[in-house]
Amino acid sequence: MSGGKDSFLATLIALESGFDVVMSVTVIAEEHSLMYHYPNASMARYVSGLLGIENVMVEEGKLWELIGNLARDGIGAVVVGAIASDYQKTRVEMKCTELGILMFAPLWRKDQGMLLNEIVMRSIDAILVSVSAEGLTEDHLGMHLDRDGVERIMELSRKYGMNPSGEGGEYESFVLSFPGAGRIRIRRSHRVWRGSGGYLIIDDAGLDQSSVA
């Protein structure tokens, strides 16, 4: 559970598919990690909280030690939000095979434009918190992936050839709300811009469930 749209959507689909999701795991990754989401990972616990799922944070080098312990305790599957990265999928798949557990990747090889539209149709409110691709500027930080935002991303994809879902590292997202689950309120944030890319760093936030019936 990185806090981004893909891991969130994959978790929703897992729940709808009958998985008993008992825990989410957030990797605190190094910047420019080839495997894991970097910005705002420490805030992913709030995103997990939107689904009422316990969250555990772990350093990148200790992830599989943790999952190995969980497998010995009876956990039978790992849900991932991978879409198109063979590098990511094969490494997770290999580790799961070694541990004798299932890897469930419900978004794998799905049409990326379709997945963005599914985010909109499900009313998952997500914003861009990292941009690093031609056509994406500092002004895109904080942009909502609503219908207009998705159309802007699709236009940039057609013009520059970027992955619409950001699977190539072009952008990363952060989920703020889901219907019936409350909203993550960002109380303080700041931007970091370096050359042709940057981050929206969330300094202070909290999960507000006061509007949930």
Looking only at the range 136-145, filter to residues that are assigned to a loop (DSSP other than H, G, I, E, B) and closer than 16 Å to Leu116 by Cβ; which one of those is farthest from the chain's Cα centre (by Cα)? Leu136
Any chance the range 78-96 includes a residue that's more than 19 Å from the chain's Cα centre (by Cα) and exposed (fewer than 15 other Cβ atoms within 10 Å of the Cβ)? yes
Among the helices (runs of 4 or more DSSP H) contained in the range 30-128, which hold 3 or more residues that are in contact with a helix residue (DSSP H, G or I) (Cβ under 7 Å, 6 or more places away or on another chain) and on the phi < 0 side of the Ramachandran plot? 63-72, 112-121
Selection count, the range 127-149, where residues are among the hydroxyl-bearing types (Ser, Thr, Tyr) and either crowded, with 22+ Cβ neighbours inside 10 Å or modelled with pLDDT of 95 or more (or both): 2
I'd like the full set of residues that are under 18 Å from Gly195 (Cβ atoms), charged (D, E, K, R) and not in a loop (DSSP other than H, G, I, E, B), limited to the range 146-172. Glu172
Condition first: among the polar types (S, T, N, Q) and exposed (fewer than 13 other Cβ atoms within 10 Å of the Cβ). Now tell me which residues in the range 158-208 satisfy that. Ser196
Give all pairs with beta carbons closer than 6 Å in which a residue from the range 118-142 that is over 25 Å from Ser48 (Cβ atoms) meets a residue that is of a type in the set (Asp, Glu); count only pairs at least 6 apart in sequence or on separate chains. Ala133/Glu170
All conditions in (1) among the hydrophobic types (A, V, I, L, M, F, W, C); (2) buried (at least 18 other Cβ atoms within 10 Å of the Cβ); (3) in contact with a Phe, Trp or Tyr (Cβ under 9 Å, 6 or more places away or on another chain) are true of Ala105 except (3)
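The values are calculated or read from the model by the stated rules, or taken from the named source; none is laboratory data. Every value quoted in this text rests on a predicted model; they were computed, and no experiment measured them. Counting neighbours? That spans all protein chains shown, and the Cβs are built from the backbone with ideal geometry, glycine included.
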